[in-house]
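Visitor: Would you mind keeping the following structure in view while I ask a few things?
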Amino acid sequence: MGRAFEYRKARKLKRWGNMSRTFTRIGKEITIAVKAGGPDPSTNPRLRALMQNAKAENMPKDTVERAIKKATDKDAGDYKEISYEGYGPHGIAIFVEAATDNNTRTVANVRSYFNKHGGNLGTQGSLTFLFDHKSVFKIKAKEGVSLEDLELELIDYGVDEIENDEDELMIYGAFEEYSNIQKYLEDNGFEIISSEFERIPHELKEVTPEQRAAIEKLLEKLEEDEDVQNVFHNMKEEDIDE
């Protein structure tokens, strides 16, 4: 299995165990997508993708519809997507993605978490060289289409890795090619189960159990913040095999 697949699989096992947190995260993404491209999924590809994600996470259809309707209200929160970068204890690089209506509040909170847990918040762009920013699609395998043929087709769309996960395929491509990959899959009749953006570390750092405990205290504090959407890091997870 490839590096991106193994990292993501281990990360998914730990991520957003709380269903209500997952629904809140998707709800914010829906608000941002609707404000940017309108409430009609047929003309808003990002909204269409988020509705697929909501279905994959078992988010009730009426909850999704409420989120779309609420986003069209002129009084709906105007969320901005912003990322923060820093180092946690023992030199672990941490990328924090947030959706906030008050950046002053969010950056103050994030900085305090880093400071209180032995880390420090860096400047934007300071960790870019340590992570690949990827578009990640999970699709249903299609009868009569081989993995090799699909890889050859998608190479022109910035796709650099496809992994077979039982009867599903995981596709990893360039962040900026997200809409092109989505269009190709939809135009060619592939069923998209979910899609998202991931930051995949180039290398994973080994840590001792004591170091892991200290780092995870910071990660948990970040993930508990209501403005935080995603947390990425380069600590090797216990689940990842050599």
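Visitor: Specify which residue in the list Leu218, Ile181, His202 is farthest towards the positive end of the charge dipole of the stretch 153-242, using unit charges on the beta carbon of Lys, Arg (+1) and Asp, Glu (-1), about the Cα centre.
Guide: The one lying farthest along the dipole's positive direction is Leu218.
Visitor: Give me the dipole magnitude in Debye, nearest 20, for the stretch 45-85 about the Cα centre, with unit charges on the beta carbon: positive for Lys and Arg, negative for Asp and Glu.
Guide: 240
Visitor: Please list the non-local residues whose amide H lies under 5 Å from the amide H of Lys205, H modeled 1.01 Å from N, same-chain partners needing a gap of 5 or more.
Guide: Met235, Lys236
Visitor: When DSSP beta bridges are limited to those with both residues in the chain, what percentage is antiparallel, rounded to the nearest 5?
Guide: Looking only at bridges with both residues in the chain, the antiparallel portion is about 95 percent.
Visitor: Roll a 1.4 Å probe over the protein heavy atoms and report the accessible area of Arg48 in Å², nearest 10.
Guide: We get 60 Å² for Arg48.
Visitor: Got a sec to turn the phi values of the stretch 150-167 into Karplus ³J(HN,Hα) couplings, 6.51 cos²θ - 1.76 cosθ + 1.60 with θ = phi - 60°, whole Hz, x for Gly and Pro?
Guide: 5, 4, 5, 5, 8, 4, 6, 9, x, 7, 10, 7, 10, 10, 8, 10, 6, 9
Visitor: Whenever you get a sec, line up Val145, Val110 from highest to lowest accessible area (probe 1.4 Å, protein heavy atoms).
Guide: Greatest to least solvent exposure: Val145, Val110.
Visitor: To continue, here is another question. Residue-wise, which Karplus ³J(HN,Hα) couplings in Hz belong to the stretch 59-76, taking 6.51 cos²θ - 1.76 cosθ + 1.60, θ = phi - 60°, and x for glycine or proline?
Guide: 6, x, 4, 5, 5, 5, 5, 5, 5, 5, 5, 5, 5, 7, 5, 5, 8, 5
Visitor: Oh, and also: Below 8 Å, C-alpha to C-alpha, sequence gap of six or more: please give me the relative contact order for the chain in percent.
Guide: Relative contact order for the chain comes out at 24 percent.
Visitor: If each DSSP helix of 4+ residues adds -39,500 (n - 2.57) and the sum is divided by the residues in the chain, what number results at 222 nm, nearest 500 deg cm²/dmol?
Guide: -13500 deg cm²/dmol
Visitor: Which value, in Å² and to the nearest 10, is the accessible area of Thr104 when all protein chains are kept and the probe is 1.4 Å?
Guide: Per-residue accessible area (Thr104): approximately 110 Å².
Visitor: I've got another one for you. Keeping every protein chain in place, order Glu226, Glu196 by accessible area at 1.4 Å, biggest value first, i.e. largest first.
Guide: Solvent-accessible surface, decreasing: Glu226, Glu196.
Visitor: Search the structure for amide H atoms under 5 Å from the amide H of Val159, placed 1.01 Å from N in the peptide plane, and list their residues when 5 or more places away or on another chain.
Guide: Ala174
Visitor: Another question, then. To the nearest 20 Debye, how big is the dipole of the chain about its Cα centre, given +1 on the beta carbon of each Lys and Arg and -1 on that of each Asp and Glu?
Guide: Computed about the Cα centre, the dipole is about 1280 debye.
Visitor: Here is a further query. Quick one: which residues, 5 or more positions from Ile193 or on another chain, have an amide H under 5 Å from its amide H? H modelled 1.01 Å from N in the peptide plane, none for Pro or chain starts.
Guide: Lys138, Ile139, Lys140
Visitor: While we're looking at this one, here's another question. On the full set of protein chains, 1.4 Å probe, figure out the accessible area of Ser146 and give it in Å² to the nearest 10.
Guide: 40
Visitor: State the extension gain, in nm to one decimal, for the chain segment bounded by Lys55 and Asp187, taking 0.36 nm per residue of separation less the distance between their alpha-carbons.
Guide: 45.5 nm
Visitor: So, in nm, how far is label Lys35 from label Ser126 when the simple model puts each one 7 Å beyond its Cα toward the Cβ?
Guide: My value for the distance between the label points is 2.8 nm.
Visitor: May I pose another question? Probe of 1.4 angstrom, ligands and nucleic acids ignored: what's the accessible area per residue over the chain, in square angstrom?
Guide: Per residue, the chain has 52 Å² of solvent-accessible surface.
The values are calculated or read from the model by the stated rules, or taken from the named source; none is laboratory data. These numbers were taken from a predicted model, which means no experiment stands behind them. When we count neighbours, we look across all protein chains shown, and the Cβ atoms used for this are built from the backbone with ideal geometry, even at glycine. Ligands, DNA and RNA are excluded from the accessible area calculation, which covers all protein heavy atoms including side chains. Shrake-Rupley method; radii C 1.70, N 1.55, O 1.52, S 1.80 Å.
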